[in-house]
Amino acid sequence: GRRRRRREVVTPPVSDTVEIRGHLLDSGVLSRCVDDVRSLGGDYVIERFDVGKDHDDESYARIRVSAPSEPDLASMLMRLNSYGVNLTDPGEPVLRDVATDGVFPLDFYSTTNLDTQVRLGGRWVEVQQPEMDCGLLVGGGPDERWVRTVPVSDVRAGDTVVCGASGVRVAQQAVPSDGDQTFEFMNSQVSSEKPQSLLLRQIAQQMREVKAEGGKVLWVGGPAVVHTGAAPAMVALVEAGYVDVLFAGNALATHDIEASLYGTSLGVDLAMGRGVEHGHEHHIRAINQVRKAGSIAAAVEQGVLTSGIMHAMVTHGKRFVLVGSVRDDGPLPDVHTDVIVGQRAMRAELPGVGFAIMVATMLHSIATGNLLPASVPLVCVDINPATVTKLADRGSAQAVGIVTDIGLFLEGLARELV
């Protein structure tokens, strides 16, 4: 007899409708959205597109996106969320309990660093301290629900987290207009040719405004601050109240203390600019003296440490978090050698930060950028333009780079502010 032809069962695609408002053409966000949909194996139809007539007017787009399966669609919707694209009908979130310490449910909502809200009991609840690559932890009673970001290392069995993209909305990052003179240089990502005096004045003005509003200024520093002879300028900024929190590694603190005790940085005489005999030992001897005292603060109290950046931070009651690496000597007793503990210590200092400035450090800059909400203005100053490029590539889209010598920059900023 004739062979029967098997009928193939074609599973219809699943779809949902999303919308986005903002400066869609200026920012290029719309093209990135549709590119991502296609790269994830999906399809789209732009059902409505209203273009703002004037430069300050927002545009609006409503897009129907489809994917081969529900899990594919959920992944696509969460990816689009990172651009501020939200479901037109967000519904309520799917909440699941965590079964194992340090493990999210497989379909957990992966956060962005943009301002985010979760719909709970019919009202939108603001997510506390937005941070990228975390989960959304839900708590509180029926009348006072709260949501905050939680890293996977800190989630515990029994915690309740948001899963999937429903019930979540994300605000698109604002694009400064031509008429907005506040931080106008943010319109270019990396600047090596703009007038340095102009950039210094704009940074100084932003710092004054943040301090006037009661916000904190966060600094992230590398050892080149000391190597370039800029420690006195940094001390002046601390004393003037423009350094509320300092994130660094073992190296900045070690070389700053070495300079205070021996007048050298990595064995180089900072006054003469040349190496001294046995200078290569100075950094480890400096570490040893602080370890004998018990801590940097104890070294200040005992009169061992009498000058420098760390001395100023201690005497003015400012906060600092030092997180080490595998290449560290010593390290100093204040250095967190467990990086997860170090991350937690850094997160604890972020509430209230209104401005962040990162100087001469790639790894600590990227680490801090990963922890900061996108709403916090972020300036990265380095002699190497690749530093700020890597920072932006890893999700800190608000990062602005200034390519210049750290010593000259800090001395100029100190002149503006002090």
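The values are calculated or read from the model by the stated rules, or taken from the named source; none is laboratory data. Just so we're clear, the structure is a prediction, and the values are computed from it rather than from any experiment. In this analysis, Cβ positions are derived from the backbone assuming ideal geometry, glycine residues included, and neighbour counts consider all displayed protein chains. The accessibility values were calculated without ligands, DNA or RNA, using every heavy atom of the protein model including side chains. Shrake-Rupley method; radii C 1.70, N 1.55, O 1.52, S 1.80 Å.
In the range 23-34, which residue that is farther than 14 Å from Met76 by Cα and touching a helix residue (DSSP H, G or I) at 6+ places or on another chain (Cβ under 7 Å) is least open to solvent (accessible area, probe 1.4 Å)?
Checked the range 23-34; the qualifying residue least open to solvent (accessible area, probe 1.4 Å) is Leu24.
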Sort out for me the strands (runs of 3 or more DSSP E) sitting completely within the range 35-154 that have 2 or more residues that are over 19 Å from Gly22 (Cβ atoms) and either in contact (Cβ under 8 Å) with a residue 60 or more places away in the chain or open to solvent by 60 Å² or more (accessible area, probe 1.4 Å) (or both).
43-50, 94-97, 123-128, 146-150
If Val245 meets every condition in (1) within 21 Å of Cys380 (Cα to Cα); (2) at pLDDT below 80 apart from one, which number is that one?
(2)
Any chance the range 361-369 includes a residue that's part of a loop (DSSP other than H, G, I, E, B) and in contact (Cβ under 8 Å) with a residue 40 or more places away in the chain?
yes
Filter the range 348-372 for residues that are among the hydroxyl-bearing types (Ser, Thr, Tyr) and within 17 Å of Met132 (Cα to Cα); the one that is surrounded by the fewest Cβ atoms within 10 Å (Cβ to Cβ) is Thr368
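Matching residues to (1) at pLDDT 95 or above; (2) in a loop (DSSP other than H, G, I, E, B):
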{"position": "Met313", "(1), (2)": "yes, no"}
{"position": "Gly317", "(1), (2)": "yes, yes"}
{"position": "Phe320", "(1), (2)": "yes, no"}
{"position": "Ser325", "(1), (2)": "no, yes"}
{"position": "Pro333", "(1), (2)": "yes, yes"}
{"position": "Val341", "(1), (2)": "yes, no"}
{"position": "Arg347", "(1), (2)": "yes, no"}
Just a yes or no: is a residue in the range 383-405 open to solvent by 20 Å² or more (accessible area, probe 1.4 Å), in contact with a Pro (Cβ under 7 Å, 6 or more places away or on another chain) and either among the charged types (D, E, K, R) or over 17 Å from Leu218 (Cβ atoms) (or both)?
yes
Suppose the filter is at pLDDT 95 or above, under 30 Å from the mean Cα position of the chain (by Cα) and buried (at least 24 other Cβ atoms within 10 Å of the Cβ); does Leu305 pass it?
no
Is the range 182-189 home to any residue that is modelled with pLDDT of 95 or more, aromatic (Phe, Trp, Tyr), over 30 Å from Val118 (Cβ atoms) and surrounded by 14 or more Cβ atoms within 10 Å (Cβ to Cβ)?
no
